[in-house]
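The next block holds one structure in the form of structure tokens; read it before the comments.
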Amino acid sequence: MYLVQKKIIRQIAFVPAYKPPDQKDFKKLRDFLLRHNKFLILTGAGISTESGIPDYRSEEVGLYARSNHKPIQYQEFVKYPKVRQRYWARNFVGWPRFSSIKPNATHNAIRELEKIGKVTTVVTQNVDRLHHKAGTENVIELHGTGYIVKCLYCPYEIDRFELQEILMKNNPSMHASVNMIRPDGDVDLSKEEVERFRTPLCPVCEGPLKPDIIFFGDNVPKERVEKVRKQVSASDAVFVLGSSLTVYSSYRIILQAKEENKEVAVLNIGPTRADDIVDLKISTKCGEILTDLTNTLCT
């Protein structure tokens, strides 16, 4: 039987306060999952908070609430060498911790749903590759990944782990403590630490290197948008996990699903941009309910 705690709790530093799901929530989501056979799952930063990676927008615990930090802007990164130096210095220090973070119960539950054929595609807004670590096979990284680095001027690209070795050789005296990791894997550093950092350059053309992430102000590649569009059309329903759907690249997935008369369910702590148009909204922590749901379907 599904057990319910009737209190509001916090568990992990980056997970906002939430009300645990009750029996009605469980039944609604179970019925939704039983009604459909081919799900497209859309995931956001709210599922990675359970692994210890903060999101941007959560009340009290999101990055915007905890600091005055603003995410890197694409045009600034491309235009200003000092911006690239600051980004890469912070990313270099944060990478060992960011890359070692493990998937949590939500990632594992999604993988189980994929294994039984319920999930055809996972579209993720996250750049942390935790779905890959959990073993999910069909993943579209809507906003790219921090695990690949590309040159802005030529086709050169390099694995982020390999680049870390190069950065270590070029910055042997770079040491800093990690106080708070950010959603894209960078950390706070002093001005002096940033200024002595040697920014990586392309070994082929000496152009600037950039992680394969869609920074704020940049656009998702058209071929990726089209790939997602086709997967939405091929699905029976859309299940959103841990996303506020604030950015349009994710919100338009919901708009397309509704235009195609597909049922949409959202499991997320707090409000989302699509609350007034989705068919089902449950406001609670994903890991609090998804494992039990998966076990019900897999047995």
Which listed residue is free of Cβ contacts under 8 Å to residues at least 12 places away in the same chain and more than 17 Å from the chain's Cα centre (by Cα), from Lys262, Lys222:
Lys222
Being buried (at least 16 other Cβ atoms within 10 Å of the Cβ), not aliphatic (A, V, I, L, M) and not in a strand (DSSP E or B) is the filter here, so list the residues in segment 274-291 that pass it.
Ser283, Thr284, Lys285, Cys286, Gly287, Glu288, Thr291
Kindly establish whether Thr272 is under 30 Å from Val93 (Cα atoms) and modelled with pLDDT of 95 or more.
no
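For (1) assigned to a loop (DSSP other than H, G, I, E, B); (2) modelled with pLDDT of 55 or more; (3) under 24 Å from Ala134 (Cα atoms), each residue gets a yes or a no:
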{"residue": "Tyr2", "(1), (2), (3)": "yes, no, no"}
{"residue": "Gln5", "(1), (2), (3)": "yes, no, no"}
{"residue": "Val15", "(1), (2), (3)": "yes, yes, yes"}
{"residue": "Phe26", "(1), (2), (3)": "no, yes, yes"}
{"residue": "Pro54", "(1), (2), (3)": "yes, yes, yes"}
{"residue": "Arg57", "(1), (2), (3)": "yes, no, no"}
Just to be sure I understand, how many residues within segment 87-117 are surrounded by fewer than 22 Cβ atoms within 10 Å (Cβ to Cβ), in contact with a helix residue (DSSP H, G or I) (Cβ under 9 Å, 6 or more places away or on another chain) and among the charged types (D, E, K, R)?
4
Out of (1) more than 18 Å from Ile47 (Cβ to Cβ); (2) part of a strand (DSSP E or B), the odd one out for Val238 is which?
(1)
Residue match in segment 29-41 (condition: of a type in the set (S, T, N, Q), crowded, with 19+ Cβ neighbours inside 10 Å and modelled with pLDDT of 80 or more)
no
Mind checking whether some residue in segment 213-226 is surrounded by 19 or more Cβ atoms within 10 Å (Cβ to Cβ), under 20 Å from Tyr18 (Cα atoms) and modelled with pLDDT of 95 or more?
no
Kindly indicate whether any position in segment 222-230 is in a loop (DSSP other than H, G, I, E, B) and over 19 Å from Lys28 (Cα atoms).
no
Hey, among the residues in segment 152-166 that are in contact (Cβ under 8 Å) with a residue 24 or more places away in the chain and outside any loop (DSSP other than H, G, I, E, B), which one's surrounded by the fewest Cβ atoms within 10 Å (Cβ to Cβ)?
Phe161
Cβ pairs under 7 Å, 6+ apart, first in segment 275-299 and farther than 25 Å from Ala17 by Cβ, second at pLDDT below 90 and of a type outside the set (S, T, N, Q)
none
If you go through segment 123-151, how many residues are assigned to a loop (DSSP other than H, G, I, E, B) and surrounded by fewer than 19 Cβ atoms within 10 Å (Cβ to Cβ)?
3
If I go through segment 275-299 residue by residue, how many of them are at pLDDT below 95 and either over 18 Å from Ile47 (Cα atoms) or among the aliphatic types (A, V, I, L, M) (or both)?
8
Residue satisfying all of: in segment 76-122; of a type in the set (S, T, N, Q) and outside any helix (DSSP H, G or I); nearest to Met168 (Cα to Cα) among these
Asn104
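The values are calculated or read from the model by the stated rules, or taken from the named source; none is laboratory data. Given the structure is predicted, the values throughout are model-derived calculations rather than measurements. A quick note on method: Cβ atoms are made from the backbone with ideal geometry, for glycine too, and the neighbour counts reach across all protein chains shown.
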